[in-house]
Structures are given as structure tokens and as C-alpha cells.
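Trainee: Below you will find the structure I want to go over with you.
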Amino acid sequence: MMRLVFEISFMIFWICMFIIRYPFAQQNKKNNIVSDKKDGIEKFTLALTSLGMLLLPIVYVATPWFSFADYHLPNAWGIFGLIMLIPVMMLFYRSHRDLGQNWSATLEIRDEHTLVSSGIYKHIRHPMYTAIWLWVICQALLLQNYIAGLSGLISFGVLYFLRVAKEEQMMEIQFGQQYKVYKQKTKRLIPKLF
């Protein structure tokens with residue numbers, strides 16, 4: 001019974017994640033792209049992440065196809081994952097809100113792009129990545145399946161490790177010394193630690 005609660009809750013929170021991102025994606029379409037760094041690797045990692053964080057979880061929840069790869073955690077771990085999704089959603093929303101029109105799903109610089117170093121960005125450079133890392137950990141706790149549960153960690157991990165250095169280089173080219181100073185004052189994912 002609890003597994004079903006975890007699975008349905010995960011999908012409800014996924015819909016919430018989409019609802020949070022949708023207005024920012026719509027707003028983003030209005031801005032002209034002045035620098036697009038979306039190459040084949042970027043497209044591949046975005047597709048891989050969509051597979052691992054959305055498609056495989058949907059298939060797992062909607063069908064019995066992956067049941068051979070189930071694992072079982074104590075219910076307390078699933079409850080912990082469920083509770084953690086609330087601050088994850090708050091951080092996900094806050095990182096979008098603080099970025100405003102500067103947000104992009106891909107490596108792009110847009111007209112009137114500004115360096116955001118206030119709000120949550122005062123403390124860490126990539127709070128959206130922090131939120132997604134926490135999200136995929138919750139995915140593994142709630143979807144207790146080696147395919148659907150771990151696919152988010154693996155696919156997002158590939159995207160993150162292939163993208164973050166490129167993103168920071170792009171920002172450094174765009175904002176120069178201002179970004180270098182910002183990097184010295186902040187950590188990537190966890191305030192004061194990492």
C-alpha cells in the first residue's frame with residue numbers, strides 16, 4: 001500500500017515541478033537568444049535526463065514492465081523521500097523565481113541577460129541543480145526500482161557533470177570579472193561546503 005502512495009505522490013510532485021517551470025519557460029520564449037551553446041552533447045544529455053527523470057518513472061508507475069527490478073526499502077525511507085520533496089519544490093521554485101527571465105533549460109545567453117547574485121543565488125551558484133540532485137535522490141527513495149528509481153540519479157548525473165563546467169565558462173565569458181568574483185564568494189551546490 002505504501003509503495004502505491006509513494007509512486008502516486010512522486011507523480012503528483014512531478015506535475016508540480018512542471019507547473020512551477022511552465023510559466024518561466026513561456027516567459028523565456030519571448031527573449032532573443034544571443035549565444036547558443038546547445039551542441040550534440042547538450043541535446044543528448046537533455047534527452048537522457050528526460051528519459052531517466054520522466055519517461056522511465058511513468059512507465060514504471062503505469063505498467064508492471066520493470067517489476068523484476070524492484071528493491072525494498074523500509075517505509076521510513078519512502079516517507080523521508082516524500083517529506084523531502086516539499087523543500088525540494090520550494091528550492092526549485094525559488095531558483096526559477098530569482099532567475100526570472102535569465103532562466104533557460106539549455107546553455108544559452110539571452111538579450112538583457114544579467115548575472116543574478118541575489119536571493120538564493122547569493123548563497124549558491126546552482127540552486128536549481130541542488131534541487132534536482134535532491135529530487136533524483138527522492139526518486140530513488142520513492143520509486144523503489146533499480147531502473148525507474150536510479151535512472152534519475154544516473155541521467156541527471158551525466159547531464160550535470162558534462163554541463164556545469166561549460167555553463168560556468170559561458171557565464172565567465174559573458175560577465176567576465178564580475179562572474180569570477182561571484183564564483184569566489186559562492187559554492188556550486190551547498191552553501192559554504194561545495
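The values are calculated or read from the model by the stated rules, or taken from the named source; none is laboratory data. The structure displayed is predicted, hence computed values, not measured ones. Neighbour counts run over all protein chains shown; Cβ positions are idealised from the backbone, glycine included. Each accessible area value is taken on the protein alone, full model and side chains, heavy atoms only, with ligands, DNA and RNA left out. Shrake-Rupley method; radii C 1.70, N 1.55, O 1.52, S 1.80 Å.
Trainee: Farther than 24 Å from Phe80 by Cβ, buried (at least 17 other Cβ atoms within 10 Å of the Cβ), of a type in the set (Val, Ile, Thr) and touching a helix residue (DSSP H, G or I) at 6+ places or on another chain (Cβ under 6 Å) - does that describe any residue in segment 119-142?
Mentor: no
Trainee: From the list Phe194, Phe175, pick out the single residue that is open to solvent by 20 Å² or more (accessible area, probe 1.4 Å), more than 20 Å from Leu51 (Cα to Cα) and in contact (Cβ under 8 Å) with a residue 24 or more places away in the chain.
Mentor: It is Phe175.
Trainee: Just one of (1) hydrophobic (A, V, I, L, M, F, W, C); (2) surrounded by 13 or more Cβ atoms within 10 Å (Cβ to Cβ); (3) in a helix (DSSP H, G or I) trips up Ala148, so point out which.
Mentor: Only one criterion is unmet by Ala148, namely (3).
Trainee: Write out, first by first residue and then by second, each pair whose Cβ atoms fall under 9 Å of each other, whose residues are 6+ apart or on separate chains, and whose first residue, in segment 20-38, is open to solvent by less than 80 Å² (accessible area, probe 1.4 Å) while the second is of a type in the set (Gly, Ala, Ser) and part of a helix (DSSP H, G or I).
Mentor: Phe24/Gly100; Gln27/Gly100
Trainee: Among the residues of segment 79-112, count how many are more than 18 Å from the chain's Cα centre (by Cα), open to solvent by 30 Å² or more (accessible area, probe 1.4 Å) and not aliphatic (A, V, I, L, M).
Mentor: 3
Trainee: So Ile41 ticks every box in (1) open to solvent by 40 Å² or more (accessible area, probe 1.4 Å); (2) in contact with a Leu (Cβ under 7 Å, 6 or more places away or on another chain); (3) modelled with pLDDT of 95 or more but one. Which box is left unticked?
Mentor: So Ile41 meets the others, but not (3).
Trainee: Does any residue in segment 92-121 that is under 20 Å from Glu42 (Cβ atoms) come within less than 6 Å, Cβ to Cβ, of a residue that is open to solvent by 40 Å² or more (accessible area, probe 1.4 Å) and among the aliphatic types (A, V, I, L, M) six or more places away or on a different chain, and which pairs are these?
Mentor: Final answer for the pair search is Glu108/Ile33; Ile109/Val34; Arg110/Ile33.
Trainee: Can I ask one more? Could you count how many residues in segment 1-15 are touching a Leu at 6+ places or on another chain (Cβ under 9 Å), open to solvent by less than 50 Å² (accessible area, probe 1.4 Å) and not hydroxyl-bearing (Ser, Thr, Tyr)?
Mentor: Within segment 1-15, residues that are touching a Leu at 6+ places or on another chain (Cβ under 9 Å), open to solvent by less than 50 Å² (accessible area, probe 1.4 Å) and not hydroxyl-bearing (Ser, Thr, Tyr) number 4.
Each row is one residue, and each column tells you yes or no for (1) within 25 Å of Trp65 (Cα to Cα); (2) more than 19 Å from the chain's Cα centre (by Cα).
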residue: Ile137; (1), (2): yes, no
residue: Leu143; (1), (2): yes, no
residue: Tyr146; (1), (2): yes, yes
residue: Leu150; (1), (2): yes, no
residue: Phe161; (1), (2): no, no
residue: Ala165; (1), (2): no, no
residue: Glu172; (1), (2): no, yes
residue: Tyr179; (1), (2): no, yes
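Trainee: Mind checking whether some residue in segment 156-166 is open to solvent by 80 Å² or more (accessible area, probe 1.4 Å), in a helix (DSSP H, G or I) and in contact with a strand residue (DSSP E or B) (Cβ under 7 Å, 6 or more places away or on another chain)?
Mentor: Looking for residues that are open to solvent by 80 Å² or more (accessible area, probe 1.4 Å), in a helix (DSSP H, G or I) and in contact with a strand residue (DSSP E or B) (Cβ under 7 Å, 6 or more places away or on another chain), one finds none in segment 156-166, hence no.
Trainee: For the condition more than 21 Å from Asn28 (Cβ to Cβ) and touching an Asp or Glu at 6+ places or on another chain (Cβ under 7 Å), what is the one hit in Lys187, Lys180?
Mentor: Lys180
Trainee: Quick one: which residue in Ala47, Ala76, Ala62 is among the hydrophobic types (A, V, I, L, M, F, W, C) and surrounded by 12 or more Cβ atoms within 10 Å (Cβ to Cβ)?
Mentor: Of Ala47, Ala76, Ala62, the one residue that is among the hydrophobic types (A, V, I, L, M, F, W, C) and surrounded by 12 or more Cβ atoms within 10 Å (Cβ to Cβ) is Ala47.
Trainee: Out of segment 12-53, which residues are β-branched (Val, Ile, Thr) and more than 21 Å from Arg94 (Cα to Cα)?
Mentor: Scanning segment 12-53 gives Ile33, Val34, Ile41, Thr45, Thr49.
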